[in-house]
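Scroll down for the structure; my scribbles are underneath it.
Just so you know, all these numbers are worked out from the coordinates, no wet-lab data involved. Worth saying up front: this structure is predicted, and the values here are computed from it rather than measured. Cβ sites come from the backbone with ideal geometry, for glycine too, and all protein chains shown count toward neighbours.
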Ligand code: RB5
């Protein structure tokens with residue numbers, strides 16, 4: 001699976017660590033920035049990732065900012081995007097099992113590197129359970145953006 005990843009300056013260091021681990025595990029990662037700690041506006045990056053997951057170009061994406069809140073607000077405006085802000089392991093696993101989340105969001109100023117890596121691992125490997133959860137996701141279709 002190919003992943004698209006992005007962050008703002010507040011999560012640059014965490015994004016680099018996650019990218020390195022995913023690549024070492026054989027996951028292809030396309031990085032849309034930020035590429036250093038100079039201040040950038042999170043919507044610019046969030047839009048790049050969310051639009052390309054929304055269009056189906058990428059199955060999954062990962063976004064990070066300081067809290068994860070701004071990126072969540074941006075990403076969930078896109079059709080077919082189910083972005084989940086997960087700063088704990090339980091939420092990460094449940095966002096896959098019950099919500100089929102296709103974008104993982106974390107707050108680089110909220111969690112540490114070790115927890116973030118565990119969250120990414122859980123999120124990447126936990127399957128969607130389908131069934132009644134698919135029925136619930138189907139009910140998103142008539143919600144305007
Ligand atoms: C940047 O200072 C900060 O506002 C941003 O990273 C994010 O937390 C927004 O939700």
Kirkwood Rh in Å, taken over all unlike Cα pairs in region 81-127: 10.2 Å
When the Cα centres of region 73-99 and region 126-145 are compared, how far apart do they sit, in Å? 12 Å
Quick one: order 65, 86 by neighbouring beta-carbon count within 10 Å, fewest to most. 86, 65
Place the peptides 126-134, 8-16 in order of packing, highest mean first, counting for every residue the other Cβ atoms within 10 Å and averaging per peptide. 8-16, 126-134
Using the Kirkwood radius built from alpha carbon pairs, what does the Stokes-Einstein equation give as D for region 1-76 at 20 °C and 1.002 mPa s, in µm² per second? 177 µm²/s
Over the residues of the chain, compute the C-alpha Rg and express it relative to 2.2 N^0.38 Å. 0.97
